[in-house]
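The values are calculated or read from the model by the stated rules, or taken from the named source; none is laboratory data. Since the structure is predicted, the reported quantities are computational estimates derived from the model, not experimental observations. In this analysis, Cβ positions are derived from the backbone assuming ideal geometry, glycine residues included, and neighbour counts consider all displayed protein chains. Remember, those area values only see protein heavy atoms, side chains included, never the ligands or the DNA or RNA. Shrake-Rupley method; radii C 1.70, N 1.55, O 1.52, S 1.80 Å.
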Amino acid sequence: MRNIGVIIRKQLKDTIKNKTVLIQFVMFPVLTLIFEHAISIPDMPELFFTKLFSVMYMGMAPLTAVAAIISEEKEKNTLRVLMMANVKPWEYLAGIGIYVWTICMAGAGVMATSLPAGDVPFFLGVMATGFLISIAVGACVGIAAPNQMVSTSMVMPVMLVFSFAPMLAMFNDKIEKVAKIFYTQQIRMLLNNMTLDGIRPENIAVVAVNAVLALILFFAVFRRKGLEG
Amino acid sequence: MIKTIGICKSFSDRKVLSGIDLDIKPGMIFGLLGPSGAGKTTLIKIITGQLAPDSGEVNVLGRNVSELTGEDKKKIGIMMDNHGMYDRMSCTDNLKIFADIYGVPYSEISRTLKEVGLGDAAKTPAMKLSKGMRARLHLARVLMISPKILFLDEPTSGLDPMTMKYIHKLITEQKDKGCTVFLTTHNMEEATVLCDEVALLNEGKIVERGAPDQVCRRYNHQKKINIHLVSGEDIELAHEAGSAEELEKLMSQGKIETIHSSEPTLETVFIELTGRKLDNGEEAQYA
């Protein structure tokens, strides 16, 4: 357990100086605050930007951050040094996962400031679930990629699909039909309703299937390549 | 302290190590010499448990390397040539990570940084360090834990002579503290200066071993004394009693500028045994 704490502290210190990762965490919460307070269009749905950017944040930040962190450690051989220091692969992954999840939840907390207080627990609960799936997918990419360049190439299309599909689905019915198979689209639908009563079995089923697939993929990649590839 | 029995390792069809037997006693500096591609790093990876051998047995600290506990691993410091640093973080923060993992008090960080000559660079990000300073930071990371065994893979490769000497001093200090040092190098001068025992590795096999001076004496076939006279003339005498009279005469007349006996160096021994040079692995003509 101590090693998990070490990894989290290391990552906190490193992220402050790592603009590439830092911007992923900060961009959408800041944009949400600005857009919600600065832009008002007639007939625009309530909390439009909060709901839209939340889903994009979920599909982008944890995924790219986890993949970037793991692949950078592999490329620079710092991961090897940690393993040699008897940090277990699961401790490392748990440390990175907890760190990214916590930072993203803090970002979601900032985004939630635009919401009515009663909706905040529901919003954070839904976001927490989505972040977990994105972290698992990001870890798959980070483990599979031998270095940062490959990781970026791999994560980009995945991230684009998960984060932009819900937005594009608003403008195109065909895209919406396809996007429904992704957890980000289902979570967008949940956020649109923002009530427990509005949750449909379809929403839960798709999110659960996505989560299970992400976990299966994670274990398959981990088993095949090991943490260090 | 470190024992290997019959270590063999192949990558695809290429046999990298075949039948390596080592027995390294506590408190010794052991040098594994060989040209690039001889299998030095592979052997160090096997001994440190980073790589499994195809066959053979490795014992470290009295246990099979695969059975080392977390506590055992905390007694082993490993500095590999390709191991990285957290570039954006300062020297102190880099060491703090490992101080936390190994349970080393933070007071050891500044002490170790001063010990390796990085006291003034404590707050400098690792990315801004020179190559020599990075090497010393790598060394600080392993010295901070006061290891019982220190594995150093090419610790001075590509460094300037001053930094090299500084690192040699640090390694010798570790030996004085009772640490067992296993180092790989292709620098025969380094091995001669530092090591109590060396093994010459070529194409995955140990071709010679022993104390550096013993190894050199073993291959002293020429047994000559080379004299350079003040006049500029070079003369060669047999290294035997019969030459004493002439040598005495030259000395008493003050004609000698330099005088050397013809013991081979580890480099020449290696060339004699393998026909290869230590520093680059290229074929060399042995004359």
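HN-Hα J couplings of the range B:93-100 from phi, Karplus 6.51/-1.76/1.60, θ = phi - 60°, integer Hz, Gly and Pro as x?
5, 4, 6, 4, 4, 7, 4, 5
Hey, if we sort B:HIS83, A:HIS37, B:HIS186 by accessible area with the 1.4 Å probe, largest down, what's the order? The partial results should precede the final answer.
Working: B:HIS83 10, A:HIS37 145, B:HIS186 50 Å².
Order by accessible area, largest first: A:HIS37, B:HIS186, B:HIS83.
How many nm is it between the label spots at B:SER36 and A:GLU228, if each spot is 7 Å from the Cα in line with the beta carbon?
Output for this residue pair reads 2.2 nm.
Just which residues of the range A:78-97 lose 20 Å² or more accessible area with every protein chain there, against their chain alone, with the probe set to 1.4 Å?
The answer is A:THR78, A:ARG80, A:VAL81, A:LEU82, A:MET84, A:ALA85, A:ASN86.
Under the 0.36 nm per residue contour assumption, what length would be gained going from the current alpha-carbon distance of B:GLU57 and B:LYS131 to full extension? Mind showing how you got there, number by number?
Details: separation 74, 0.36 × 74 = 26.64 nm, distance 3.59 nm.
The B:GLU57-B:LYS131 span can extend by a further 23.1 nm.
Any of B:LYS25/B:LYS177; B:LYS9/B:LYS73; B:LYS128/B:LYS165; A:LYS88/A:LYS225; B:LYS128/B:LYS175; B:LYS45/B:LYS114 with alpha carbons more than 20 Å apart? Name them for me.
B:LYS9/B:LYS73; B:LYS128/B:LYS165; B:LYS128/B:LYS175; B:LYS45/B:LYS114
Quick one: what are the phi-derived ³J(HN,Hα) couplings along the range A:155-170, Karplus 6.51/-1.76/1.60 with θ = phi - 60°, whole Hz, x for glycine and proline?
6, 4, x, 4, 4, 4, 4, 5, 8, 9, 4, x, 6, 5, 4, 5
Among the chymotrypsin sites (Phe, Trp or Tyr not before Pro) in the range A:155-198, which ones are in a DSSP loop with at most 11 other Cβ atoms within 10 Å of the Cβ? Mind listing them?
A:PHE171
Considering only protein heavy atoms, what per residue accessible area in square angstrom results for chain A with a 1.4 angstrom probe?
Solvent-accessible surface per residue comes out at 46 Å².
Mind grabbing the interface size between A and B? I mean buried accessible area, both sides, 1.4 Å probe, in Å² to the nearest hundred.
2100 Å²
Looking only at B:MET89, B:MET144, B:MET251, which one moves most when chain B is put into a Gaussian network model with springs between Cα atoms under 10 Å?
Its mean-square fluctuation being the largest, the pick is B:MET251.
Debye sum, Cα scatterers, the protein assembly as shown, no solvent: what log₁₀ I/I(0) at q = 0.08, 0.09 1/Å?
-0.65, -0.77
Expected output is a single nm value to one decimal: the length gained when fully extending between B:ASP196 and B:SER261, i.e. 0.36 nm times separation in residues minus the C-alpha distance. What is it?
21.2 nm
What net charge do the residues around B:ASN226 carry, taking every other residue with its C-beta under 12 Å from that of B:ASN226, with Lys and Arg at +1 and Asp and Glu at -1?
Values: positive: B:LYS223, B:LYS224; negative: B:GLU233, B:ASP234, B:GLU236, B:GLU257, B:GLU263.
Net charge in that neighbourhood comes out at -3.
Post the alpha-carbon centroid distance, the range B:3-46 to the range A:212-228, in whole angstrom.
The two parts, judged by their Cα centres, are 33 Å apart.
Quick check: the distance between the Cα centres of the range B:184-218 and the range B:75-119, to the nearest angstrom?
If you average the Cα positions of each part, the centres end up 30 Å apart.
What is the ratio of the Cα radius of gyration of chain B to 2.2 N^0.38 Å, with N the residue count, to two decimals?
1.17
Roughly to the nearest percent, how much of the accessible area of the range B:2-216 is carbon and sulfur, given a 1.4 Å probe?
Roughly 49 percent, rounded to a whole number.
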